[in-house]
Amino acid sequence: MGPYVEALVLRKTIGALSFDRRGGERHELLSKAAKNDVAAAYSPGLGAFFLGEAGVKAANNSLLFGESLARAVSEAGLTGAASSLLKGATVELLTNVHEHAGPNARGIGLYEVFEGGVAVCVADAGQGIVAGYVSANPGLSGLTAEQALIKALVEHKSRLPDQGRGTGYKTVANAMRSLDATLRVRSGDASLEIEGHPDDAEWLSREQVELRGFVVSLALRWA
């Protein structure tokens with residue numbers, strides 16, 4: 001469960017906001033969700049989603065979690081079209097956990113609505129992006145985390161050979177760009193970050209301390 005504290009990177013964008021699992025209401029929600037292998041828990045402006053080893057059963061719960069998020073941001077003042085984009089991006093990210101994280105991977109989704117904005121984090125403790133690419137294509141042995149993130153997020157190249165795949169993160173990135181939101185993706189020892197400005201935004205690459213799994217953090221302000 002270590003990578004989930006990666007949501008703390010949102011402090012850079014949203015001041016004191018954090019998804020601290022050590023205590024408080026967020027921790028209680030996550031604990032409640034985790035009591036059932038695939039479950040979610042909510043309170044006003046907060047949501048927690050847990051994907052256990054039975055993550056393949058999570059499709060309906062992922063959609064319900066996205067709908068809860070859309071309702072929460074709509075009630076806080078985000079327009080319908082924007083809330084739909086945020087919902088779609090979040091559901092896509094949750095779906096990716098049980099499609100790409102590897103057998104028996106565990107993951108979570110968290111959101112928090114605050115005055116004039118929202119923060120969302122989807123994380124898993126799975127195989128990570130490099131192992132995902134290499135397991136599907138051993139010829140990519142030696143791929144770095146930065147190179148793998150670029151393949152997924154910039155070049156939109158799926159780790160799987162199926163035609164038409166590889167568009168999921170493109171959809172998420174385009175949605176965040178259109179909302180002028182911050183999107184940060186981290187796996188292994190690298191991260192890529194993009195911040196709004198749909199016409200000219202470029203991904204910023206950073207070297208990071210080694211992290212197991214895959215973490216996506218979204219931050220959006222509308223007031």
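The values are calculated or read from the model by the stated rules, or taken from the named source; none is laboratory data. Everything numeric here is computed off the predicted structure, so don't read it as measured data. Ligands, DNA and RNA are excluded from the accessible area calculation, which covers all protein heavy atoms including side chains. Shrake-Rupley method; radii C 1.70, N 1.55, O 1.52, S 1.80 Å.
Quick notes on this one:
- Most to least accessible of VAL209, VAL120, VAL130 (protein chains only, probe 1.4 Å): VAL209, VAL130, VAL120
- Projected area, mean over directions - the stretch 74-152, Cα convex hull, nm²: 6.3 nm²
- Protein accessible area in the stretch 58-104, 1.4 Å probe - carbon and sulfur %: 53 percent
- ARG159 accessible area, assembled protein chains, probe 1.4 Å, Å²: 50 Å²
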